[in-house]
Amino acid sequence: MNPTLQEILDDLHAAERELQGWEKKYGLRSEFFHDCFLAGLIEDAGNFDFQVWAGLLEAKQDLERRYKELILTQQPFRESVKALIPHGVVAE
């Protein structure tokens, strides 16, 4: 079964809260940590935290991709964006 838009959004919010815990613990923004982790600048041998953190960030990125794919295919979204154009919120 495919998750609903609301389920994906709920999972994204949960992942963001969890990522904030890692950021506070290590004093790094998740995106910066991940870039350094992938570049091999952060030694993860024996540090399970870093593996979990990187995995969580990758899971969040996958959720964001799925959210965008799902929301862009929904008719109510397309109609609501069209409604914003006359108000100058969205460029034509």
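All of the numbers you see were taken from the coordinates with simple rules; none came from a lab. What you are looking at is a predicted structure, and each value in this text was computed from that prediction instead of being measured. Note that we place each Cβ from the backbone using ideal geometry, even for glycine, and neighbour counts take in every protein chain shown.
Given 39, 55, 73, which one lies farthest toward the positive end of the charge dipole of the range 5-86, if we put +1 on the Cβ of every Lys and Arg and -1 on the Cβ of every Asp and Glu? Of the listed residues, the answer is 73.
Ordering 22, 53 from the fewest to the most neighbouring beta carbons within 10 Å gives 22, 53.
If I stretch the segment between residue 1 and residue 71 completely, what's the gain in nm (0.36 nm per residue apart, minus their alpha carbon distance), one decimal? Here the segment from residue 1 to residue 71 would lengthen by 23.5 nm.
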